[in-house]
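*Asks:* Handing you a structure now.
The values are calculated or read from the model by the stated rules, or taken from the named source; none is laboratory data. Here the structure is a predicted model, which means the values were calculated and not measured. Cβ atoms come from the backbone with ideal geometry, glycine included; neighbour counts cover every protein chain shown. Heads up: the accessible areas ignore ligands, DNA and RNA and are worked out on the full protein's heavy atoms, side chains in. Shrake-Rupley method; radii C 1.70, N 1.55, O 1.52, S 1.80 Å.
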Amino acid sequence: MTYLLDANVFIQANNQYYGFDIVPPFWDWLIAANGAGTVISVEKVADELLGYGDELSDWAKARVKAGGFFLQPDNAVLNALKGLAQWAQGQTFTEAAINEFLQAADYYLVAHAYAHGHVAVSQEIFEPGMTKRIKIPNACNGMGVQWMNTYTMLRTEGAKFVM
């Protein structure tokens, strides 16, 4: 199983429960899982992370430089973007919500997960009937993409952080 991580996985981990100064093994695990082909993300997520000018930005910059963690869209993803856009436009979301989604990293993340059969990982929560914002879980459900939160991914993978 390959997990595709949303920006909020990195941001919330850094700002809250797995800060670099508190649980460095979390970040080591991400790198090791990426090396094993289990954890990846998309370049649009890296673009978001690079803008903070903090330790997380430095970590993301190192992953971009090393390659293989933040992936560019391939032809399958580009084709999936079209189908995802059609799905979003066929729902009851506001025009502003659709426009915001189509310009966000979330759009590329869900399309990548759909195109390659990956599991999307996000701290967002599914909200049925939501019309003002397209959340990753809602888009995943609409496209038939499996999704979960960070903790479920870590438990599924049996991650242990020994300090």
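*Asks:* So the check is Cβ under 6 Å with 6+ separation or different chains; which pairs have a first residue in the stretch 68-90 that's without any contact (Cβ under 8 Å) to a residue 40 or more places away in the chain and of a type in the set (Val, Ile, Thr) and a second one that's in a helix (DSSP H, G or I) and buried (at least 17 other Cβ atoms within 10 Å of the Cβ)?
*Replies:* Note: pairs meeting the criteria are 77/111; 77/112; 77/115.
Conditions (1) in contact with a Cys (Cβ under 7 Å, 6 or more places away or on another chain); (2) over 20 Å from residue 112 (Cβ atoms); (3) touching a residue at least 12 places away in the same chain (Cβ under 8 Å), marked per residue:
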| position | (1), (2), (3) |
| --- | --- |
| 4 | no, no, yes |
| 14 | no, yes, yes |
| 51 | no, yes, no |
| 65 | no, yes, no |
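Okay, residues lined up against (1) farther than 18 Å from residue 40 by Cβ; (2) open to solvent by less than 50 Å² (accessible area, probe 1.4 Å); (3) hydroxyl-bearing (Ser, Thr, Tyr):
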{"residue": "97", "(1), (2), (3)": "yes, yes, no"}
{"residue": "111", "(1), (2), (3)": "no, yes, no"}
{"residue": "125", "(1), (2), (3)": "yes, no, no"}
{"residue": "135", "(1), (2), (3)": "yes, yes, no"}
